[in-house]
Amino acid sequence: MARPDRLPWDCALVTGASAGIGEALSRMLAARGVGRLVLVARRVERLDGLAAELSAAHGTEVEVLAADLADRDDLLRIEARLADGDQPVDLLVNNAGLGTSGHLVGLPPDGEEHEIKVNVIAPVRLTQAALPGLIERGHGAVLNVSSMASYQPSPGSATYAATKAFLTSFSEAIHEEVRGTGVTVTAVLPGFTRTEFQDVSGPDVGATAPGWAWMSAESVAEAALAATVTGKALCIPGLGYQLIAGATTPLPRTAKRWIMGRAAAFSGHRR
C-alpha cells in the first residue's frame, strides 16, 4: 500500500500516545502535515517530552491531556474534548490498550475489569463522542488499534483476545453505519509488535514467537495510516500475518479453539 506523504487531517487525537504504536503514529502524523495533535496518556512527562520534540521538529501544535481511560472522570474529559466543535478533531486514534496473561481463575478480577474499561469501554465512548461532529462536518476518520488476537480465542490471554474481538467487530459495524457520510472507521490488527506492551502484560506474552513474527511499531503505524487514508475497514500489517489470517479464517471455531489451546499449553500457560 502506497505511503501517504501528506495526510488529510488537520487535528488528530491519539490515546496511548506515550509509547509504542501510539507514539509512532503521533510522530508520523506530525511529520506528514497534521498541524494539531491532542496526545492522551497517563504518563504526562513522556507526553510533554514528545510534544516539545514534535513542536520543534515540525511546528506542530500539541495539546497534552494526562488521563487514565479506566477512570470515569478522565474519560469524560476526553469525550468533552472530542465533542468540542470550537476545536474540532477530524482523526480519532483509539490506541490505548493493555493485556493480562495467565489463566482467568488466577487473575485479580479488578485487573480484568480495568482491562475491559481501557480496551472496550473507552474506545466505544470516545468513538460515540467523536462521530456526531465528524458526520456533521462530512469529513474525518476513526482508527481503532485492535489485534490479530481478535481472530480466535486465546487461552492464557482470554480477556485480552475477547476485548480485541469486540473492538474489531465494533469497528467493522460502525464502518458500515457511517458509509456515505464522508467518515470512515478502520481497525488495524497487528501481530507481535516490539513495544512496552510485553513488559506490562507479562513475560509469557510472545515468549515463544519466532523472530520473523515480530514487527516494529513504525511499520504497524505506517500500514495503519495508509489504510485509514484509503478508508479500509480492516488492516493487517505484514504479509505473514495476512497469510495467517487468510489460512485460519475458514477453519471451524472448534478447530481454532483446539489449536490455540494446544499452543497455549506449549507456551507455558498452564494452571
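The values are calculated or read from the model by the stated rules, or taken from the named source; none is laboratory data. Nothing here was measured: the structure is a model prediction, and the numbers come from that model. Every residue, glycine among them, receives a Cβ derived from its backbone with ideal geometry; neighbour counts consider all protein chains shown.
Among the numbered conditions (1) surrounded by 22 or more Cβ atoms within 10 Å (Cβ to Cβ); (2) closer than 20 Å to G22 by Cα, tell me where L134 comes up short.
Single failed check for L134: (2).
Please go through region 116-157 and pick out each residue that is part of a helix (DSSP H, G or I) and under 29 Å from A247 (Cβ atoms).
The answer is N119, V120, P123, M148, A149, S150, Y151.
Taking S55, is it touching a Gly at 6+ places or on another chain (Cβ under 6 Å) and either over 13 Å from T15 (Cα atoms) or acidic (D, E) (or both)?
no
Step by step: first the residues of region 79-115, then only those that are among the aliphatic types (A, V, I, L, M), more than 20 Å from the chain's Cα centre (by Cα) and part of a loop (DSSP other than H, G, I, E, B), then the one that is nearest to S26 (Cα to Cα). Which residue is that?
A83
Among L50, L69, L54, L76, which is the only one that is touching a Lys or Arg at 6+ places or on another chain (Cβ under 9 Å), outside any strand (DSSP E or B) and either among the aromatic types (F, W, Y) or free of Cβ contacts under 8 Å to residues at least 24 places away in the same chain (or both)?
Result of the check over L50, L69, L54, L76: L76.
For (1) surrounded by 15 or more Cβ atoms within 10 Å (Cβ to Cβ); (2) at pLDDT below 95, each residue gets a yes or a no:
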site	(1), (2)
A223	yes, no
A226	yes, no
K232	yes, no
Y241	yes, yes
A247	no, yes
T254	no, yes
R271	no, yes
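What are the residues in region 99-127 that are more than 21 Å from A149 (Cβ to Cβ), exposed (fewer than 15 other Cβ atoms within 10 Å of the Cβ) and touching a residue at least 40 places away in the same chain (Cβ under 8 Å), if any?
Result: no residue meets the conditions.
Buried (at least 20 other Cβ atoms within 10 Å of the Cβ), modelled with pLDDT of 95 or more and assigned to a loop (DSSP other than H, G, I, E, B) - does that describe any residue in region 175-189?
Yes: region 175-189 contains one or more residues that are buried (at least 20 other Cβ atoms within 10 Å of the Cβ), modelled with pLDDT of 95 or more and assigned to a loop (DSSP other than H, G, I, E, B).
Just the residues that are among the hydrophobic types (A, V, I, L, M, F, W, C) and in contact with an Asp or Glu (Cβ under 6 Å, 6 or more places away or on another chain), please, taken from region 102-151.
A129, the sole residue that qualifies.
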